[in-house]
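The structure appears below as structure tokens.
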Amino acid sequence: MKYISFTDEPLINPDDFFMKEALKEAQKALALDEVPIGAVIVHGGRIIGRGHNLTEQLTDVTAHAEMQAFTAAANYTGGKYLKDCTLYVTIEPCVMCAGASYWTQISRIVYGATDSKRGYSHISEKIMHPKTEVLSGVRAEEAANLMKDFFASKRDKS
């Protein structure tokens, strides 16, 4: 994809830009003492859904960032399918969230850091819809550091 700049401003890669937005959502989770994972869903260059982990706040194990973003995007579009949308999420989706993405038929998923313990790809990549394009590693270091720092602080308190 090529971008034309009509100003002296440097061009911004859309994946980088929207992952920064997902990282802002992760910071919201962190402020609530939730596991710092954030997600945004984009359609036509516009964010139509945002989410961050709320499992502790809602006492709901399914209240992951992706699930929050899927619900927000579905409410925005008025339908359950997200065929022309991209999910940006700071950490590799778990099996539950990957399965939910399958049912949304989302076109693309971009994630930051891999999750070596609970990431879907360690179970099976077939969980994703066959037409969903997946890109990993966007701002991976920032996303991974948020997680490392969060869990290190939890260990320090115990």
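The values are calculated or read from the model by the stated rules, or taken from the named source; none is laboratory data. All values reported here derive from a predicted model rather than from experimental measurement. Positions of Cβ are backbone-derived with ideal geometry, glycine not excepted, and every protein chain shown enters the neighbour counts. These accessible areas exclude ligands, DNA and RNA; they are computed on the full protein's heavy atoms, side chains included. Shrake-Rupley method; radii C 1.70, N 1.55, O 1.52, S 1.80 Å.
Output yes when any residue across the range 76-88 is open to solvent by 20 Å² or more (accessible area, probe 1.4 Å), closer than 21 Å to Gly137 by Cα and among the basic types (Lys, Arg), and no when none is.
no
Cβ-Cβ under 9 Å, sequence separation 6+ or interchain: first residue in the range 1-24 and at positive phi and open to solvent by 100 Å² or more (accessible area, probe 1.4 Å), partner β-branched (Val, Ile, Thr) and modelled with pLDDT of 95 or more. Which pairs?
From residues that are at positive phi and open to solvent by 100 Å² or more (accessible area, probe 1.4 Å), there are no pairs.
Each row is one residue, and each column tells you yes or no for (1) within 19 Å of Ile47 (Cβ to Cβ); (2) of a type outside the set (Lys, Arg); (3) assigned to a helix (DSSP H, G or I); (4) in contact with a strand residue (DSSP E or B) (Cβ under 6 Å, 6 or more places away or on another chain).
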residue	(1), (2), (3), (4)
Met67	yes, yes, yes, no
Tyr76	yes, yes, yes, yes
Ala100	yes, yes, yes, no
Ile106	yes, yes, no, yes
Ser116	no, yes, no, no
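I need the full set of residues from the range 25-65 which are outside any helix (DSSP H, G or I), of a type in the set (D, E, K, R), open to solvent by 10 Å² or more (accessible area, probe 1.4 Å) and closer than 26 Å to Asp149 by Cα, in order please.
Matches in the range 25-65: Asp33, Arg50, Glu56, Asp60.
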